[in-house]
Structures are given as C-alpha cells and as structure tokens.
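Okay, structure first, notes after.
Only the coordinates and a few stated rules stand behind these numbers; no lab work does. None of these values were measured; they are calculated from a predicted model. Reconstructed Cβ throughout: ideal geometry from the backbone, glycine too, with neighbour counts over all protein chains shown.
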Amino acid sequence: MAKWISRTLFLASFLFCSLLVSYLPTAYTQQKMQQESAPRQEQAIPLQILPKDNAGNVDWVKSLRQGLIKPKDSLDPSKPITPVIDLDIVFKVKGDLPDVVYPHYPHTQWLSCSNCHPKIFIMQAGANKVTMKKIEEGQFCGRCHGVVAFPLSNCTRCHSKPKR
Ligand code: HEC
Ligand code: HEC
Ligand code: HEC
C-alpha cells in the first residue's frame with residue numbers, strides 16, 4: 001500500500017517538474033519582451049504612419065483625434081491640466097473667398113488659454129483687427145501658423161467656410 005502511494009507521489013512530482021521546466025523559458029522570454037518593448041513606447045512615432053492634410057503635411061489634429069499621438073499638457077507634471085473649450089469663431093471675409101473658421105477645440109487640446117489671451121487675441125469676438133497682411137507679418141494666427149503650425153500657403157484649412 002505505502003509503495004503504491006510513494007509511486008503516485010513520485011509520478012505527480014515528476015509531472016509537476018517537467019511542466020515547470022517547459023513553462024519557465026516561455027515566462028522568461030515573455031518578461032524579457034515586455035521589458036524590451038516598454039521604452040519603445042517613449043520613442044518618436046515615424047511620421048510616415050501619421051495622416052496627412054490636403055497639402056501633404058502631417059495633420060496633427062487628425063493624428064490626435066485618431067489617438068496616434070498624445071501630447072503632454074505640460075513638461076512640468078505639477079502644472080494643472082489645461083481646459084478645453086468647443087467654441088468656433090467665424091471671421092467673415094469680404095469677397096468670394098470662404099470665411100475663416102477659428103476652432104477653439106483643437107487649439108485648446110494643445111495650448112492653454114493664456115497662450116493666446118489676452119496678448120495675441122483680446123477675448124472677444126470681433127475685437128481684434130485681424131488682416132491677412134498682419135498674419136503674414138507674423139501677428140495673430142501668424143504667431144504660430146507658418147512657424148510651428150501648418151503653413152499660411154494652405155489657405156483652405158483656415159478659409160474653410162464657403163459663402164453659401
Ligand atoms: C490659439 C489661440 C487661442 C487659444 C489658445 C484660445 N483662444 Fe479664445 N479666442 C481666440 C480667437 C482668435 C478668438 C476670436 C477673436 C476675435 O474674433 O477677434 C477668441 C475668442 C474667445 C472668446 C470670445 C467669444 C465671443 O463670442 O466673444 C472667449 C470667451 C474665448 N476665446 C475663450 C477662450 C478660453 C476659455 C480659452 C482656453 C480654454 C481660449 N479662449 C483659448 C483664440 C484663442
Ligand atoms: C498660439 C499658437 C496658434 C495660434 C495663435 C493659432 N493657431 Fe491654429 N493651430 C495651432 C496649432 C499648434 C495647431 C495644430 C497643429 C497643426 O494643425 O499644424 C493649429 C491648428 C489649426 C487648425 C486645424 C484644425 C483642424 O481641426 O484640423 C485651424 C483651422 C487653425 N489652426 C486655424 C487658426 C486660425 C484661423 C488662427 C487665427 C485666428 C489660428 N489658428 C491661430 C496653433 C495656433
Ligand atoms: C492660419 C489661418 C489662415 C490661413 C492659412 C490663410 N488665411 Fe487668409 N485670413 C485669415 C484670417 C483670420 C483673416 C481675417 C478675416 C477678416 O477679415 O476678419 C483672413 C483674411 C483674408 C483675406 C481678406 C482680406 C484681408 O487681407 O484681410 C484674404 C483675401 C485672405 N485671407 C486670403 C488668403 C489666402 C489667399 C491664403 C492662402 C495663400 C490665406 N488667406 C491663408 C486666416 C488665414
């Protein structure tokens with residue numbers, strides 16, 4: 001009887017050991033792969049995979065919307081999270097050219113209110129005497145567009161609201 005029990009015990013422990021031996025290498029490689037892939041998330045995203053706008057430049061707003069990029073609110077993690085507002089401002093343009101739509105939503109996903117208010121734009125619709133010439137000289141929208149945001153040559157991304 002005792003012999004029978006010890007045989008079963010021996011068999012069971014043999015099985016356990018062989019299972020462990022076959023599992024350990026997989027567990028090890030899995031852990032190693034996780035370790036190796038972790039810093040990869042911090043690496044730059046290849047520009048080729050990001051969506052492009054009508055002029056062939058990277059469409060950063062679409063990239064953000066599709067979740068391909070996730071800009072940090074601030075380089076300083078102790079700073080409070082910047083609010084987002086969904087408010088479109090239409091600049092009526094004389095003539096046939098489409099009106100300009102300034103969308104707060106995508107801007108406030110990157111920027112805080114104080115990046116524009118009150119130094120670049122007084123916080124009131126129509127209060128800023130914006131002209132294309134001033135923009136080209138680097139004022140108003142031209143503080144960023146053509147510098148760090150899509151270029152002024154892409155007229156229709158700003159002049160996006162046809163007259164009828
Ligand atoms: C990239 C620049 C920019 C940023 C950032 C920005 N705004 Fe504005 N804001 C504008 C422009 C342009 C106007 C329109 C000015 C004009 O018509 O002369 C405006 C107008 C406004 C107005 C006036 C609306 C009206 O009907 O009179 C309010 C209110 C406002 N912004 C609030 C905010 C708040 C709150 C934030 C931050 C969450 C913010 N803005 C961030 C550019 C910006
Ligand atoms: C403080 C910087 C700044 C100012 C001032 C600014 N923008 Fe932008 N704008 C950006 C950034 C950053 C983006 C996102 C990056 C990009 O698209 O190149 C952007 C994106 C946009 C987009 C694309 C939105 C979308 O949904 O694709 C439009 C349209 C636009 N801006 C219009 C304007 C107009 C019109 C003005 C002036 C009334 C203006 N911006 C002033 C920084 C600015
Ligand atoms: C970054 C956004 C942006 C881009 C890009 C842009 N515009 Fe404008 N444009 C504006 C704004 C804002 C106004 C002011 C609207 C108003 O008159 O109140 C304006 C006004 C104008 C006007 C009206 C007259 C004037 O001088 O103010 C003309 C014409 C014009 N743009 C032509 C163009 C052409 C052509 C292009 C492309 C080569 C272009 N714009 C690209 C934002 C833009």
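Summary table
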quantity: Contacts under 6 angstrom Cβ, first residue in region 140-157 being in a strand (DSSP E or B), partner not small (Gly, Ala, Ser), 6 or more apart; calculated: HIS145/LEU152
quantity: Residue satisfying all of: in region 99-120; of a type in the set (Phe, Trp, Tyr) and under 21 Å from ASP73 (Cβ atoms); farthest from ligand 1 (Cβ to nearest atom) among these; calculated: TYR105
quantity: Unmet criterion (only one of (1) loosely packed, with under 13 Cβ neighbours inside 10 Å; (2) in a helix (DSSP H, G or I); (3) within 16 Å of ligand 3 (Cβ to nearest atom)) for SER114; calculated: (3)
quantity: Residues of region 126-148 classified as exposed (fewer than 15 other Cβ atoms within 10 Å of the Cβ) and within 28 Å of the chain's Cα centre (by Cα), total; calculated: 4
quantity: Residue check, SER153 closer than 30 Å to PRO46 by Cβ, of a type outside the set (Lys, Arg) and surrounded by 12 or more Cβ atoms within 10 Å (Cβ to Cβ); calculated: no
